[in-house]
Amino acid sequence: MMGMKQAQKALFNYQVDLDQRVRVEHPLRRVLERVDFTFVRGEVADCYGYNGNVSVDPAVILKLMFLLFYDDVPSERELLKIIPERLDYLWFLGYGLDDVLPDHSVLSKARQRWGVTVFEGFFVRVVGQCATAGLVAGQKLHVDASLIDANASKDSVLQGRPEWIAALKQAYQATESKLEDTSTPASRVAVNDQALSKTDPDAGLVRMGGGSSRPRYHHHRAVDDAQGVITAVETTSGSIAENKRLLDLVAQHNGNTAIQAQTVVADSKYGTVENYVALQQQGLTTHMGDVLAKQTNNPRRRGIFPDSQFRYEANTNTYLCPAGQRLVARRLHPRRRTWEYHTARGVCAACALRPQCTRASYGRTIKRHEQQDLLNRAREQAHSPQARRDRRRRQHLIEGSFADAANNYHFKRSRWRRLWRQRIQDYLIATIQNIKILLRGVARRAAGAAQALARETGGPFSCCAATPSRPILVAVFLGRLSPPDLAYQKT
């Protein structure tokens, strides 16, 4: 006989247990078992008083921000609207069906009150969990950066004289970019010294691809080679050059993982003289693309003797040119830290090999870095077969990390305005990506351990959490598996 459901509102709900309504294998169960959100209470205790109205639990606020990016909910208002419709969200937050949910403004007020440090600490804690779980090797590091569109339109940009823009930045309390951190030569006025976005004054004007320049941020990221765990992140204005943050990312990786990096992998944007020398001084292997190689292959230098044709003699600190003439050191460049070598006056003008040597009227010069031996070693490592293999692996490892963030977690556009809020967004996205890697790694390890024990004992392997097989029970007894892992065994 066909049944028919009578839609009638229940007057009372006495037997609604959300823990039974949320399935055993739900992803949020795995998150709650592995991630401790309650740490935030101790971190933000100083932000609250001892009397007055009782605030929303900081752990609940952090979970709300987690859900905002975890499921890429369009806005905080939308998140608080859909929570009553989602039993899994209510269970994850610890709310019941009839509990009153906080207002969406609680999230923005908490960000303002807590600052960036809390979210940085959340990121570092998860990195430590990944390292403890054996998902971080730590020795080989992949580095790259990506541009993020600021939450500001091109119409919000004001242009004017550098003095006027500097006064506006001071009035807006905009985060200034140091000249040494940008890619603009000191002899030129930077574009961002003549322009400012009224909507988001911290974002720098940057051109990407063939499009026009618009306000953007730069997200710098370091990814471990083993499982793709994000071990270091930094967010700056879009005008900050990628290669200027390399050393800071390496130092942050060492601190977050408690493992010293040994090899740094990056593209040619990072393969500058400064980065090569600095990493070699730290004893690191440099598998970065060589930006100097591109300069050597300049079409304007075709038919001209390369620098390798000039032999350096260390005992006299001079160079010997192909014609047998000697080039002596003239001066040291104060910023580039390179010595300039040249011949005596009139030597190049009378040389028969001049057309093959130089087109300059003053003759040929050779530049040598004061740490040239370290630079030579770095370039040799950069052109090695292993370096080329590492850079190919980097293309799918760190680019895949950026793609995952863009496709699933609202990475390529700012949700909020100002640099400190953008840093919160980037810390949350990187933390969620690491949590996903942590959960996958733990599940694989548990499944592998159970299968190994099944082979040892000769018993069947079960994927059912309610009726675990004998090998799994043995594994729990021996301490090789923890009970929460039983629900996630996969055949």
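Each residue in region 237-290 was checked for being within 19 Å of Arg391 (Cα to Cα) and among the polar types (S, T, N, Q), and 9 pass. Answer yes if at least one residue in region 404-420 is part of a strand (DSSP E or B), in contact (Cβ under 8 Å) with a residue 40 or more places away in the chain and over 30 Å from Ala222 (Cβ atoms), and no otherwise. Within region 404-420, none of the residues are part of a strand (DSSP E or B), in contact (Cβ under 8 Å) with a residue 40 or more places away in the chain and over 30 Å from Ala222 (Cβ atoms).
Inside region 118-141, residues that are part of a helix (DSSP H, G or I) and touching a residue at least 60 places away in the same chain (Cβ under 8 Å) make up a count of 14. Count of region 95-117 residues, restricted to those that are surrounded by 14 or more Cβ atoms within 10 Å (Cβ to Cβ) and under 29 Å from Asp19 (Cα atoms), is 7.
With respect to the conditions (1) surrounded by fewer than 21 Cβ atoms within 10 Å (Cβ to Cβ); (2) at pLDDT 90 or above; (3) not β-branched (Val, Ile, Thr), Gln194 falls short on a single one, namely (2). With respect to the conditions (1) part of a helix (DSSP H, G or I); (2) at pLDDT 85 or above; (3) not assigned by TED's automatic domain parsing to the domain that holds Val223, His396 falls short on a single one, namely (3).
No other residue among Gly42, Gly52 is surrounded by fewer than 19 Cβ atoms within 10 Å (Cβ to Cβ) and on the phi > 0 side of the Ramachandran plot apart from Gly52. The set of residues from region 27-55 being part of a loop (DSSP other than H, G, I, E, B), at pLDDT 90 or above and β-branched (Val, Ile, Thr) comprises Val35, Thr38, Val44. Within region 333-350, is even one residue in contact with a Leu (Cβ under 8 Å, 6 or more places away or on another chain) and exposed (fewer than 13 other Cβ atoms within 10 Å of the Cβ)? No, there is no match, as no residue in region 333-350 is in contact with a Leu (Cβ under 8 Å, 6 or more places away or on another chain) and exposed (fewer than 13 other Cβ atoms within 10 Å of the Cβ). Of Ala145, Ala171, all but one fail to be assigned to a strand (DSSP E or B) and assigned by TED's automatic domain parsing to the domain that holds Ala403; the exception is Ala145. Residues of region 356-379 that are aliphatic (A, V, I, L, M) and either assigned to a helix (DSSP H, G or I) or out of contact with any helix residue (DSSP H, G or I) (no Cβ under 7 Å at 6 or more places or on another chain) (or both): Ala360, Leu374, Leu375, Ala378.
Can you spot a residue in region 15-38 that is within 22 Å of Tyr409 (Cα to Cα) and either touching a Gly at 6+ places or on another chain (Cβ under 9 Å) or small (Gly, Ala, Ser) (or both)? No, that holds for no residue. Looking at region 407-421, is at least one residue modelled with pLDDT under 90, under 28 Å from the mean Cα position of the chain (by Cα) and on the phi < 0 side of the Ramachandran plot? There is no residue in region 407-421 that is modelled with pLDDT under 90, under 28 Å from the mean Cα position of the chain (by Cα) and on the phi < 0 side of the Ramachandran plot. Annotation: of all residues in region 242-289 being in a loop (DSSP other than H, G, I, E, B) and either in contact with a strand residue (DSSP E or B) (Cβ under 8 Å, 6 or more places away or on another chain) or outside the structural domain of Gly228 (by TED's automatic domain parsing) (or both), the one that is surrounded by the fewest Cβ atoms within 10 Å (Cβ to Cβ) is Gln262.
Scanning region 222-234 for residues that are surrounded by fewer than 24 Cβ atoms within 10 Å (Cβ to Cβ) and not acidic (Asp, Glu) yields Ala226, Gln227, Gly228, Val233. Give me the residue from region 297-346 that is of a type in the set (Phe, Trp, Tyr) and outside any loop (DSSP other than H, G, I, E, B) and, out of that set, nearest to the chain's Cα centre (by Cα). Among them, the one singled out is Trp339.
The values are calculated or read from the model by the stated rules, or taken from the named source; none is laboratory data. What you see is a predicted model, and the numbers here were worked out from it, not measured in a lab. When we count neighbours, we look across all protein chains shown, and the Cβ atoms used for this are built from the backbone with ideal geometry, even at glycine.
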